[in-house]
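This report refers to the structure that appears directly beneath it.
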Amino acid sequence: MKSLLPTAAIAAMIVTVLVTFCAIVLCLAGGANATPAQVRSLKLWMLGLTLLGGGGVTAGIFLMRAGQHSWAAGAAILPAVIMVLILIVALIIK
């Protein structure tokens, strides 16, 4: 039972990496027929999403090394939740 929280934290990090990758690919696909201003905006979105995902995974690793596995799982999954919410809002607006 002790290994459940570290496993959950590692799974949260993996999910965040995959969601970040999917969000970046979605932004790349959206820029196929975009104007230069839209491409610039998509590049900024990709940078922001990459920093968000990387920050969550980094915080998760730091918290796991500190022994705070439950906080590590929360910090690692939060960027994925934020990216899914961004996707939902983007689909509702369009």
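Hey, among the residues in the stretch 1-52 that are of a type in the set (Val, Ile, Thr), touching a helix residue (DSSP H, G or I) at 6+ places or on another chain (Cβ under 7 Å) and more than 13 Å from Leu78 (Cα to Cα), which one's surrounded by the fewest Cβ atoms within 10 Å (Cβ to Cβ)?
So the first thing to find is which residues in the stretch 1-52 are of a type in the set (Val, Ile, Thr), and the list is 7, 10, 14-17, 19-20, 24-25, 35, 39, 50.
From the residues that got through so far, the ones that are touching a helix residue (DSSP H, G or I) at 6+ places or on another chain (Cβ under 7 Å) too are 15-17, 19-20, 24, 50.
Subset that is more than 13 Å from Leu78 (Cα to Cα): 24, 50.
Details: Ile24: 18, Thr50: 15.
Here the residue is Thr50.
If you filter the stretch 67-83 down to residues that are surrounded by fewer than 16 Cβ atoms within 10 Å (Cβ to Cβ) and at pLDDT below 95, you find that the one that is nearest to Met46 (Cα to Cα) is Ser70. Residue by residue through the stretch 8-40, note down the ones that are at pLDDT below 95 and polar (S, T, N, Q). Within the stretch 8-40, Asn33, Thr35, Gln38 qualify.
The values are calculated or read from the model by the stated rules, or taken from the named source; none is laboratory data. All figures in this text were calculated on a predicted structure; none of them were measured in a lab. Note that we place each Cβ from the backbone using ideal geometry, even for glycine, and neighbour counts take in every protein chain shown.
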